[in-house]
């Protein structure tokens, strides 16, 4: 299965999630409004990745300890978003955890509690 298809399945499995293009890339929203994952197919560089919000300190820690897998994405990186590469050896269990944490970060409390 292609990385986009795997990522899509993880995102759409979450409550009240929708997908639509944003900035030319597949993007997933909670209740059609709040972005929690943006796919990036060489959007501003040569990486196939996704970008998502992360809890405070997580972006810095992962980028520092595993720079081959994680990065600070353009535009949203200054707001703590995390870039996760999908063109390297991917741990899909870890990606699922990152996607769920991004969802929890933006979802209303009642939806986040469903996870």
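For region 75-90, a residue qualifies if it is surrounded by fewer than 18 Cβ atoms within 10 Å (Cβ to Cβ) and out of contact with any helix residue (DSSP H, G or I) (no Cβ under 9 Å at 6 or more places or on another chain), and the qualifying residues are 75, 76, 78, 79, 88, 89.
Among the residues of region 96-113, is any surrounded by 15 or more Cβ atoms within 10 Å (Cβ to Cβ) and assigned to a strand (DSSP E or B)? No, region 96-113 contains no residue that is surrounded by 15 or more Cβ atoms within 10 Å (Cβ to Cβ) and assigned to a strand (DSSP E or B).
Pairing each residue of region 88-111 that is at positive phi and at pLDDT 95 or above with any residue that is assigned to a helix (DSSP H, G or I) and surrounded by fewer than 18 Cβ atoms within 10 Å (Cβ to Cβ), provided the two are 6+ apart or on different chains, yields no C-beta distance under 6 Å. Restricting attention to region 5-35 and to residues that are under 21 Å from residue 87 (Cβ atoms) and touching a residue at least 40 places away in the same chain (Cβ under 8 Å), the residue that is surrounded by the most Cβ atoms within 10 Å (Cβ to Cβ) turns out to be 11. When the test is whether a residue is surrounded by fewer than 13 Cβ atoms within 10 Å (Cβ to Cβ) and without any contact (Cβ under 8 Å) to a residue 60 or more places away in the chain, residue 41 does not pass it.
The values are calculated or read from the model by the stated rules, or taken from the named source; none is laboratory data. Given the structure is predicted, the values throughout are model-derived calculations rather than measurements. We place every Cβ from the backbone using ideal geometry, glycine too, and count neighbours over all the protein chains shown.
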